[in-house]
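Okay, so here's the structure we're looking at.
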Amino acid sequence: MTSKAEIISLDDLKPHMSGEARCLLCGHKWVSVSPTGTIWLECSECHTMKGTYIYPAIRDGAHWTCNCGNDLFYATPDGFYCPNCGKWQRGF
């Protein structure tokens, strides 16, 4: 069985970052390369813009996880919400 992969020039993406990525919608995992500062990645499986790097910087200790399974949150002056399902997080 063969699989097709898109070949890209890293020179076009300098400076860039790379690493394992995951789609918050469908859970698909892949290795991504993107320009530095990219926040959302296009999922190579479901093609939504809900891909994110899995290990941006994780500290030791307990971590909060939304009921939808996402562990990435946006912080606002009004609180924290899940960018996957949009629910406000309570209980901090």
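Residue count for region 33-92 under the criterion of being outside any loop (DSSP other than H, G, I, E, B) and surrounded by 13 or more Cβ atoms within 10 Å (Cβ to Cβ): the result is 9. For region 7-14, the count of residues that are of a type in the set (D, E, K, R), in a loop (DSSP other than H, G, I, E, B) and in contact with a Gly (Cβ under 9 Å, 6 or more places away or on another chain) is zero.
Considering every residue within region 15-35, establish whether at least one is in contact with an Asp or Glu (Cβ under 7 Å, 6 or more places away or on another chain) and either of a type in the set (Val, Ile, Thr) or at pLDDT below 85 (or both). Before you say what the answer is, go through the steps one by one.
Going through region 15-35, the residues in contact with an Asp or Glu (Cβ under 7 Å, 6 or more places away or on another chain) turn out to be 23, 26, 28-29, 31.
Pick out the ones that are also either of a type in the set (Val, Ile, Thr) or at pLDDT below 85 (or both) and you get 31.
Among the residues of region 15-35, at least one is in contact with an Asp or Glu (Cβ under 7 Å, 6 or more places away or on another chain) and either of a type in the set (Val, Ile, Thr) or at pLDDT below 85 (or both), which makes the answer yes.
The values are calculated or read from the model by the stated rules, or taken from the named source; none is laboratory data. Just so we're clear, the structure is a prediction, and the values are computed from it rather than from any experiment. Neighbour counts run over all protein chains shown; Cβ positions are idealised from the backbone, glycine included.
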